[in-house]
Amino acid sequence: MPTPTVAACQTDVADLDPAENLATVGERLAALDDRVDVAVFPEYALTGFVADDRVHAAALDRDGTELDRLATYAADHDLDVLAGFVEDAGGDYYNTAVYVTADGERTYYRKRHLWAGEADVLATGDEAVTVDTPVGEAGLVTCYDLNFVEVSAAFARQRVDALFVVGAWPGAYSENWRLLLRARALDGVRWVVGCGRTGRRDLPNAPAVDYGGRSAVVRPDGAVSHALNRDERTLVADLDPEILAEQREFVSVLAEDS
């Protein structure tokens, strides 16, 4: 099996400005090495977020031109892309992540555990989602979902090979983000790729937030393989399938669950 390469594209986000965010995504993808198979962007990477009705005006339709443009990026660069956005589902709004393959297939995940003010303006998703990727079968996870052990356990029962995590974790709690990425890798014996938002949200009439960044790739033994701090950078890592196989042979929790 060839060794897949992932990129965590740690970015600042222009809140409530999908056009600027899509331009940023396009620029970051164009700068990637040709060997990258999957590019992961943060939570709300396409829209940004604020916990009031302004976010509804920035929300994107699944069939809209913005996601078509994202699919064009994936095709042009011959890679898969995962990015978060606020979804307008006919008047209901969700914190959604879309996984777009190079050949145009789309898989959507709606966040199941909303944090703080999200619940005031968004509906809650109700389905776990996995997708076939160059890394293997991967579970899609958004930010605060990391805190819930049952989410991790359910993906372990499905034997997923990786978790792809989109995040916008406040910098004040960034140690928790890193700890949970490591825990979710170890307790499911799988790769974890976490891409966090960096920069600052500073909108009128809304609390300012400094985001933690700290994107990371974590090995199936819980060790951090590659990591960033808070700079707007891209982390690129190879996910060797032999490492996953060796660790699953060594730690047999998945076999015991069969």
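The values are calculated or read from the model by the stated rules, or taken from the named source; none is laboratory data. If you're wondering where the values come from, they're calculated on a predicted model, not measured in any experiment. The protein model used for the area step is the full one, side chains on, heavy atoms only, and it has no ligands, DNA or RNA in it. Shrake-Rupley method; radii C 1.70, N 1.55, O 1.52, S 1.80 Å.
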> Just the accessible area per residue of the chain, please: how many Å² with a 1.4 Å probe?
Replying inline: 42
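Quick one: Cα convex hull volume of region 178-254, Å³ per residue?
Values: hull volume 6.7 nm³, N = 77.
Per residue, the Cα convex hull of region 178-254 comes to 87 Å³.
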>> Given the whole protein assembly as supplied and a 1.4 Å probe, what does the accessible area of Y108 come to in Å², nearest 10?
In response: 40
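Only helical DSSP H runs with n ≥ 4 go in: add -39500 (n - 2.57) per run for the chain, normalise by residue count and round the 222 nm mean residue ellipticity to 500 deg cm²/dmol.
Working: 8 runs with 73 residues, N = 258.
So the helix-based figure for the chain works out to -8000 deg cm²/dmol.
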